[in-house]
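The values are calculated or read from the model by the stated rules, or taken from the named source; none is laboratory data. It should be emphasised that the depicted structure is a prediction, and the values quoted were computed from it without experimental measurement. Neighbour counts run over all protein chains shown; Cβ positions are idealised from the backbone, glycine included. Please note that ligands, DNA and RNA were not included when accessible areas were found on the heavy atoms of the full protein model with its side chains. Shrake-Rupley method; radii C 1.70, N 1.55, O 1.52, S 1.80 Å.
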Amino acid sequence: MSVAEFVPATQTELARWMAENAAAARQKLLPVGGRTSLHFGFSAESDCQIDSRELTRVVDYPARDLTITVEAGMRIEELQRLLVAERQQLPVDIAQPVRATIGGAIACNASGPRRHGSGTLRDYLIGCSAIDAQGSLFKSGGRVVKNVAGYDLCKLLIGSRGTLAVITQVTLKVKPLPEAAGWWWLTFDTFAEMENVLERLLTSAARPMALEMLDVPAAKLVATESRLPLPTDCPVLAILVEGTSREVAWQLDVLRKETVPFGVQQIEQLLDQDARTLTAALTEFQVPTDEPLTFQANLRPSRCWEFAELANRLDVAVQCHAGNGVIIGQFPEAAASRDQALTLLQPLQQFASAHTGNLQILHCDPEWQDDLPMCGQPEPAWGIMQQLKRQLDPQGLLSPGRFIDRVPISA
Ligand SMILES: Cc1cc2nc3c(=O)[nH]c(=O)nc-3n(C[C@H](O)[C@H](O)[C@H](O)COP(=O)(O)OP(=O)(O)OC[C@H]3O[C@@H](n4cnc5c(N)ncnc54)[C@H](O)[C@@H]3O)c2cc1C
């Protein structure tokens, strides 16, 4: 049965419509952008989807000031196209850029390989406008980087998955576009050797933008996605550098000298278009296709190699953003039932908890959701988060059951 939708042409029209809804129909609402990850997290029942596809204008773009203000329905590809025309970029890797919107990416706190060198959307979002479930339009932050008194509501909306407010406009800091990029794709016999390299790179003369550790199943998936002829029979460490062509050549040379003494088996260099192709393939790894389960684990960077080694033994494909300790995992098709998934999940979850980490489920069969740690291990702050949700949305109209409001709080 198709769900009703409302497609606002302006944020004022949306605010009026949401105020009327809260006062009368009280429909349950789900904000949607490119619909690339509505299947992520808890699935939410809604009476009406608020589609941002007509909220795609550029509000302000003083390129000289390295900021841009756009409406939340703008597709990532269109945003990057506008920025590239000024030799600028939003240096955050977001999957499925043709369809994904900036509002959706912010609501999911999407990031990718370059979060190591250039940070996440939290580092670039400096202002936003949004509408709460009662139809109140509010602004937070501004068009310039400034310290405003009070709570940073912008940051609160990052990763809120459409449960606190509908984002309508965003102001982003942007960065100059690097002239060139280059990857080293290094294979190793063991994950322990890779950890020795990562430790060495802490004092590297080069400035890695990404440090991607892949176990064998993940290396095969990324190589297939990229269609690049890359060796994938051993664990992989991929290192990205950016800058002018001369800076990239120099950094790649420095990295080769710093890493080769640590038992590198095979080494592939990817420059320019091939480098962009690999970055895109690594970014797309996070979006599940037909894998039965996708998870995100968070660990100390120094623990990634052991987790990857364990996952490799379990034939679970893992991509570790090894500079930050963020790990994305895809279960093999063999884990087709809830019980098989739970069996495979247990040792990974135990490892994460035993090392002060966490593991949450990004995507799985909706039937399994109430039996799996969709939001990871219970957090003492969940109670406060639920109170905040009730404060901002007292009638529970925005994406009910989609996120924290769905998890049981122990007394
Ligand atoms: C928990 C989670 C983690 C993810 N992590 C990553 C990652 O690390 N890297 C990566 O590349 N991709 C990640 N994704 C996928 C990525 O976020 C999406 O591919 C894409 O950025 C979402 O954009 P979209 O426009 O397609 O949003 P949709 O799929 O349409 O919506 C995604 C979510 O955002 C909400 N939403 C959409 N528009 C708005 C709006 N204007 N205001 C408020 N809420 C809105 C929706 O209600 C929904 O909950 C993640 C997705 C989720 C759910």
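Given that compact globular proteins tend to follow 2.2 N^0.38 Å, what is the ratio of the alpha-carbon Rg of segment 4-176 to that value?
Numbers: Rg = 15.4 Å, N = 173, 2.2 N^0.38 = 15.6 Å.
Here the Cα radius of gyration is 0.99 times the empirical estimate.
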Potential extension, residue 39-residue 192 segment - 0.36 nm per residue separation minus Cα distance
51.5 nm
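For residue 267 and residue 89, calculate 0.36 nm times their separation in residues minus their Cα-Cα distance, and state this gained length in nm to one decimal.
The span from residue 267 to residue 89 would gain 61.2 nm if fully extended.
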If each of residue 156 and residue 409 carries a label point 7 Å out from its Cα toward its Cβ, how far apart are those two points in nm?
1.5
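If I compute solvent accessible area with a 1.4 Å probe over the protein chains, what percent of it on the chain is carbon and sulfur?
On the way: 9390 of 18180 Å².
Taking all protein chains in place, the chain shows 52 percent carbon and sulfur surface.
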The chain: projected area of the alpha-carbon convex hull, averaged over directions, in nm²
20.4
For the chain, what is the mean residue ellipticity at 222 nm derived from helices alone (per DSSP H run of n ≥ 4: -39500 (n - 2.57); sum divided by total residues; nearest 500 deg cm²/dmol)?
-9000 deg cm²/dmol
Spacing of the two label points (7 Å from each Cα toward its C-beta) at residue 315 and residue 296, in nm:
2.8
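Rounded to the nearest whole Å², what accessible area per residue is found for segment 4-176 with the 1.4 Å probe? Kindly include the intermediate steps, with their values, before the conclusion.
Values: 7340 Å² over 173 residues.
That works out to 42 Å² for each residue.
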Nearest 10 degrees is fine. How inclined is helix 382-392 to the longest principal axis of the chain, computing both from alpha carbons?
40
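Using the per-residue mean of other Cβ atoms lying within 10 Å as a proxy for protection, in what order, highest first, do the peptides 104-112, 309-317, 254-262 fall?
104-112, 309-317, 254-262
Given a Förster radius of 25 Å and the C-beta distance between residue 16 and residue 81 as r, what FRET efficiency does 1/(1 + (r/R0)^6) yield to the nearest 0.05? Don't skip to the answer; put the middle values down first.
Details: r = 32 Å, r/R0 = 1.28.
My answer for the efficiency is 0.20.
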Using a Debye calculation, one point per C-alpha and no hydration shell, please list log10 I(q)/I(0) for segment 293-371 at q = 0.18, 0.19, 0.23 Å⁻¹ in order.
-0.66, -0.73, -1.06
Which percent, nearest 5, of DSSP beta bridges in the chain are antiparallel?
90
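Report, for segment 1-91, the % of DSSP beta bridges that are antiparallel, rounded to 5.
Details: 2 of 9 bridges.
Beta bridges within segment 1-91, antiparallel portion: roughly 20 percent.
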So for R0 = 22 Å, FRET eff. of residue 139-residue 65 from the Cβ-Cβ r, to 0.05, ends up at 0.75
Using the Kirkwood radius over Cα pairs of segment 180-284, the Stokes-Einstein translational diffusion coefficient at 20 °C and 1.002 mPa s, in µm²/s and rounded to a whole number, is 159
Against the longest alpha carbon principal axis of the chain, how many degrees, from 0 to 90 and to the nearest 10, is the axis of helix 11-23 turned?
60
Helix 338-354 sits off the longest principal axis of the Cα atoms of the chain, rounded to the nearest 10 on a 0 to 90 degree scale, by 70
For segment 293-371, build the charge dipole from Cβ charges (+1 Lys, Arg; -1 Asp, Glu) around the Cα centre, then report which of 355, 341, 317 sits farthest towards its positive end.
355
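Given the pairs 139/173; 175/220; 155/389; 28/389, which are separated by over 25 angstrom at their Cα positions? Before the final figure, lay out each step's value.
Values: 139/173 17 Å; 175/220 32 Å; 155/389 15 Å; 28/389 15 Å.
Table pairs above 25 Å Cα-Cα are 175/220.
Calculate, for residue 220 and residue 371, the FRET efficiency according to 1/(1 + (r/R0)^6) with r their C-beta to C-beta distance and R0 35 Å; round to the nearest 0.05. Write out the running numbers ahead of the final one.
Details: r = 30 Å, r/R0 = 0.84.
The pair residue 220/residue 371 has a calculated efficiency of 0.75.
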